[in-house]
Every structure is written in structure tokens, then in C-alpha cells.
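Undergrad: Structure below; questions to follow.
Each reported figure results from applying straightforward, stated rules to the coordinates on display, with no laboratory input. These numbers come from a predicted model, not from an experiment.
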Ligand code: SF4
Ligand code: SF4
């Protein structure tokens, strides 16, 4: 059954992402990392899907804690301005 909340989300314009994930630089596939998801304070904003983190743009508030915690040698997470 479709809730009223789901209907509203479908009708509303898609939110702009504040965080980008570079799946090439993310090392989760080889070292089972999930540090960014563990450090995110907003439930559901960042989740692991398979072996890659996925951002929910409607929930992410752009706090940057995941970016600061990421141990990847090349930038795997990037905050966008605005
Ligand atoms: S920027 Fe903040 S809210 Fe958004 S995914 Fe990263 S830790 Fe979570
Ligand atoms: S912390 Fe960095 S390397 Fe680890 S899963 Fe998140 S983006 Fe990938």
C-alpha cells in the first residue's frame, strides 16, 4: 500500500545531492570499509548497497562527517557547495 508520504515524495522535485560518492576511489569492495556509514549521524542518509555507499539526497544534511572519516587514499566522498 502506498502511503501519503510516499505520494508526496514522488510528486515533489528531486532534492539536489550534497554529497557525491566516487565508487572508483571508494575502497569498500576490497577492504570491507563502511566507516562513512557508521559515522553518519542522520539515519538513512548514507547506507551500504552491496559494497558501495549510497546517499539519500533527501536526508543528507551536508554535515561532512563522512568525508572527514573516509580513509580512502583518493577522495571517495565529496561535498558539493550550496
Ligand atoms: S554529509 Fe553528513 S548527513 Fe550527509 S551522508 Fe555524510 S555524514 Fe551523513
Ligand atoms: S569511508 Fe570511504 S572508503 Fe570507506 S566505504 Fe565510505 S567512501 Fe568508501
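Undergrad: Once you keep just the Cα pairs under 8 angstrom separated by 6 or more residues, what percentage relative contact order results for the chain?
TA: So the answer I get is 39 percent.
Undergrad: If you take the C-alpha gyration tensor of the chain, multiply each eigenvalue by 5 and take the square root, what semi-axes do you get, largest first, in whole Å?
TA: For the chain, the semi-axes come out at 25, 14, 11 Å.
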